[in-house]
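Novice: First the structure, then my questions, so here it is.
Read the figures in this text as sums done on the coordinates, not as results from a lab. These numbers were taken from a predicted model, which means no experiment stands behind them. With ideal geometry, Cβ positions are generated from the backbone for all residues, glycine too; neighbour counts draw on all protein chains shown.
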Amino acid sequence: MFCVTPVEGAFNAGFKCSDEDFVELTEREHIIPAPYMARNKWVRVEKAGALKKKEWEEHVLKSYQLVASKLTKKAQKEIGLI
């Protein structure tokens, strides 16, 4: 799991980020440390416009890479990373 968002209800999305990005992002309006997951460097974006389209693409890709890098070599091979 590298990005989560509800199917129904008000918009919000959470994703994992680097230590540096965590500090930078949580200083922005409408982006907070993700409840229960902040210690793992997850943020929660409460308004889609808090990030530009290119930023969304970059952060979601980085989140995927961070999570995938922690998988076992076997799991990485199964999803085609190695």
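Novice: If a residue must be touching a residue at least 24 places away in the same chain (Cβ under 8 Å) and more than 16 Å from MET1 (Cα to Cα), how many such residues does the stretch 12-24 contain?
Specialist: Result for the stretch 12-24: 1.
Novice: Which of the helices (runs of 4 or more DSSP H) contained wholly in the chain include at least 2 residues that are among the aliphatic types (A, V, I, L, M)?
Specialist: Where helices (runs of 4 or more DSSP H) fall fully within the chain and carry at least 2 residues being among the aliphatic types (A, V, I, L, M), they are 19-26, 53-69.
Novice: Okay, moving on. Of everything in the stretch 35-50, what is over 16 Å from GLU20 (Cβ atoms), touching a residue at least 24 places away in the same chain (Cβ under 8 Å) and not charged (D, E, K, R)? Give them in sequence order.
Specialist: Hits for the stretch 35-50 are VAL45, ALA48.
Novice: May I ask you to verify whether GLU57 is under 14 Å from the mean Cα position of the chain (by Cα) and either exposed (fewer than 13 other Cβ atoms within 10 Å of the Cβ) or of a type in the set (Val, Ile, Thr) (or both)?
Specialist: yes
Novice: Kindly indicate whether any position in the stretch 41-49 is more than 14 Å from THR5 (Cβ to Cβ) and aliphatic (A, V, I, L, M).
Specialist: no
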